[in-house]
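For reference, the structure is listed below as structure tokens.
The values are calculated or read from the model by the stated rules, or taken from the named source; none is laboratory data. Source: prediction; values computed, not measured. Here Cβ is always computed from backbone atoms with ideal geometry, including for glycine, and neighbour counts include all displayed protein chains. Side chains are part of the model used for accessible areas, which takes the heavy atoms of the whole protein and leaves out ligands, DNA and RNA. Shrake-Rupley method; radii C 1.70, N 1.55, O 1.52, S 1.80 Å.
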Amino acid sequence: MNDAFYMRRALALAERGAGYVCPNPMVGAVLVKQGRIIGEGWHARCGQPHAERNALANRTESATGATMYVTLEPCCHYGRTPPCTEAILEHKLARVVVGCLDPNAKVAGQGVQRLRAHGITVDVGLLESECRRQNEVFLHYITTGLPFVVMKYAMTLDGKIAAHTGDSRWVSGETARAHTHAMRSRLTGILVGIGTVLADDPLLSCRIAPQGDPPRSGRNPIRIVCDSHLRLPLCSALVRTAREIPLIAAHTDGTPDQAAALEAAGVTVWQCAARDGRVDLNDLMRRLGEAQIDSVLLEGGSALHWAALEAGIVQKLQVYIAPKLVGGAGAKSPIGGAGFEEMRSACLVSDSRLTSLDGDLLWEGYLHNAEGRDTPCSPD
């Protein structure tokens, strides 16, 4: 077994914290001595011990002279927990292999420097692309202060999200829909427009039964509705569950009475800046970032999708493609609005991946803006 084997094990351990550590990163650590794994750990929840300290706490023998494989640079500052570099020094490790550096200004290479200054061999960059991709949300949020936005939609092979009658249940199959719920659990927030709420009365919860090791059920995302004129019905499923699952209504010109009624029902109401008579999505992203909502799953309709692309807030696409043809000149496509006037102005997508989901296909890629510049989220 080589270095890459142990780092892949650390990546698998880090995944166990998905959805529970935000706005912290997911991190896994593996402790190896004389070719044997003697300790493993991962960051399980924000505010709890980090992966490195958990791996050391779980060791089966002395860690003196051992090698630690960790997906992200060990922290060297006091926060909710003490520095991991001090635990590594205390246990007299001989070598630390780091997947990628932490861009947090409080770390940013200083963790590696501290370990090297005390005689520990530190190698950086093993499986770096995989480590960065796993923490693409954290890397974007810590460097921009803005949420990492994933635009998600399901469509047929001819690019329709519904029949011409509006019927959309279901475009994709059961496995694809289960994958969507896994994404709801993984990301901190979910964003829709008021049109989706009025048409479908969605709950926007995460329906995942307990699974994994340790077993955990899905985590509900914070629900966010772009509702410029505060038309959100008090009888809607979202409002009726606002005290159990957080709900934010973002508006521009709702009345004080409308806002008070929603707040009395447990809804958090934000008045945002306006753009073209609607919620300015850049202002909303700034507010969400300040509230430590580090990631958003955008499950809007075609109008909100276009507005998000036009505002330049989307980092990643997730498109579920069903092997169906529905036709219809009036059937909706995933992205509406005015659209770009010229093909050369179109948003570009790169670094794409295709995954089979029981007959459906999941296509994922990262957005460039209209000028072709990479978005800050690029994992490579």
*Fraction of antiparallel bridges per DSSP, the range 1-138 only, in percent to nearest 5*: 55 percent
*Normalised by the residues of the chain, what does the relative contact order come to in percent, with Cα pairs under 8 Å and at least six apart?*
16 percent
*Phe5 to Ala108: extension gain in nm, 0.36 nm per residue of separation minus the Cα-Cα distance?*
34.5 nm
*Cα-based shape type of the range 73-137, given that a ≥ b ≥ c are square roots of the gyration tensor eigenvalues and the cut on a/c is 1.5*: oblate
_Given a 1.4 angstrom probe, what's the average accessible area per residue across the chain, in square angstrom?_
45 Å²
*Please count, across the chain, the pairs of lysine residues with Cα atoms under 14 Å apart that sit 8 or more places apart or on different chains.*
5
*Calculated semi-axes √(5λ) of the Cα gyration tensor in Å (choose from (1) 32, 25, 23; (2) 41, 26, 21; (3) 40, 23, 20), label*: (3)
*Which of Ala108, Ala163, Ala338 moves most in a GNM of the chain, Cα contacts under 10 Å?*
Ala338
*Counting Lys and Arg as +1 and Asp and Glu as -1, what is the net charge of the other residues whose Cβ lies under 11 Å from the Cβ of Glu299?*
+2
*Evaluated at 10 °C with a viscosity of 1.306 mPa s, what Stokes-Einstein diffusion coefficient in µm²/s does the range 255-380 have when Rh comes from the Kirkwood expression over alpha-carbon pairs?*
92 µm²/s
*In what order, largest first, do Arg231, Arg278, Arg45 sit by accessible area if the probe radius is 1.4 Å?*
Arg278, Arg231, Arg45
*Enumerate the calculated ³J(HN,Hα) couplings along the range 218-228 in order (Karplus 6.51 cos²θ - 1.76 cosθ + 1.60, θ = phi - 60°), each rounded to whole Hz, writing x wherever the residue is Gly or Pro.*
x, 9, 5, x, 6, 8, 10, 10, 7, 9, 3
*How would Asp283, Asp201, Asp167, Asp294 line up by accessible area, probe 1.4 Å, largest first?*
Asp167, Asp201, Asp283, Asp294
_Which residues does the label zone of Asp253 cover in the range 227-242, counting backbone N under 15 Å from a point 7 Å along Cα→Cβ?_
227-231
*Using helices alone, what [θ] at 222 nm do you get for the chain, with -39,500 (n - 2.57) per DSSP H run of 4 or more residues, divided over all residues and rounded to the nearest 500?*
-7500 deg cm²/dmol
*Just how much of Trp170 is accessible, in Å², when a 1.4 Å probe is used and the result is rounded to the nearest 10?*
140 Å²
*Could you check how much of the accessible area of the range 117-244 is carbon and sulfur, as a whole percent, using a 1.4 Å probe?*
52 percent
*Take Phe148, Phe340 and sort them by solvent-accessible surface of the protein heavy atoms, 1.4 Å probe, largest at the top.*
Phe340, Phe148
_Long-range amide H partners of Leu298 with built H, under 5 Å_ = Val150, Met151, Lys152, Leu191
*Can you give the accessible area of Leu281, probe radius 1.4 Å, in Å² rounded to 10?*
10 Å²
*With springs connecting C-alpha atoms under 10 Å apart, model the chain as a Gaussian network and identify which of Arg184, Arg240, Arg36 has the largest mean-square fluctuation.*
Arg36
*First measure r as the distance between the Cβ atoms of Glu342 and Ala311, then evaluate 1/(1 + (r/R0)^6) with R0 = 22 Å and state the FRET efficiency to the nearest 0.05.*
0.70
